[in-house]
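> Handing you a structure now.
Just so it is clear, none of the values below were taken in a lab; they were calculated from the coordinates. On a predicted model such as this, the values are computed, not experimentally measured, just so you know. With ideal geometry, Cβ positions are generated from the backbone for all residues, glycine too; neighbour counts draw on all protein chains shown.
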Amino acid sequence: MSERTRTVRQSILAELRRGPVTALDLSKSVGVQEKEVASHLEHLQQSLRRGPSRLVVEPAECIACGFVFEHRKRLKKPSSCPECRASRIHPPRYRIDAEPTRS
């Protein structure tokens, strides 16, 4: 499918299959606002549950204290660290992983 005929979600899916990317990376490559990316990712996450692939989220991390947001369910970047209240946070990275085949 050519890039011109892809939907936004198809374009995001193609980018996620290439390797780990942030919401900012996705917004630049697909041409949507960074705020919109989270809702597209949530929809893709549900759609992928039906197939062999999964959306994997590499958690955000506080730059100041190193706190890792491991148990966060929301896909958006956190605004501040719960430990030190710093707002400088490495954003989460997203990728698509194929589930191993079951024997």
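> Between Arg18 and Val68, what is the spin-label point distance in nm, taking each point 7 Å from the Cα along the Cα→C-beta axis?
2.7
> Tally Lys and Arg at +1 and Asp and Glu at -1 over the other residues with C-beta under 12 Å from the C-beta of Lys28: what net charge comes out? List each step's numbers first, then the result.
Numbers: positive: none; negative: Glu15, Asp25, Glu34.
Overall, the nearby charge balance is -3.
> Sort Asp25, Asp97 so that the residue with the fewest other Cβ atoms within 10 Å of its own Cβ comes first and the one with the most comes last. Don't jump to the answer; show the numbers that get you there.
On the way: Asp25 17, Asp97 13.
The order, fewest Cβ neighbours first, is Asp97, Asp25.
> With charges set only on the Cβ (+1 for Lys and Arg, -1 for Asp and Glu), what does the dipole of segment 8-98 come to about its Cα centre, in debye to the nearest 20? Working shown, then result.
Working: 17 positive and 10 negative charges, 43 e Å.
Dipole about the Cα centre, nearest 20: 200 debye.
> Could you tell me which GluC sites (Glu not before Pro) in segment 1-73 are loop residues by DSSP with no more than 16 other beta carbons within 10 angstrom of their beta carbon? Kindly include the intermediate steps, with their values, before the conclusion.
Numbers: sites: Glu3, Glu15, Glu34, Glu36, Glu42, Glu61, Glu70; in loops: Glu3, Glu70.
Loop-located and lightly packed - Glu3, Glu70.
> On C-alpha positions alone, give me the angle between the axis of helix 8-18 and the longest principal axis of the chain, in degrees, nearest 10.
The answer is roughly 80 degrees.
> Which whole-number percentage describes the relative contact order of segment 1-61, with Cα contacts under 8 Å and a sequence gap of 6 or more?
Numbers: 24 pairs, mean separation 13.8, N = 61.
Over segment 1-61, the number comes to 23 percent.
> Under the Karplus relation 6.51 cos²θ - 1.76 cosθ + 1.60, θ = phi - 60°, what is the ordered set of whole-Hz ³J(HN,Hα) values for segment 51-63, x standing for Gly and Pro?
Result, ordered by residue: x, x, 9, 9, 7, 9, 10, 7, x, 5, 9, 6, 6 Hz.
> Counting other beta carbons within 10 Å of each residue's own, what order do Val8, Val32, Val37 fall into, fewest first?
On the way: Val8 14, Val32 17, Val37 23.
Neighbour counts put them in this order, fewest first: Val8, Val32, Val37.
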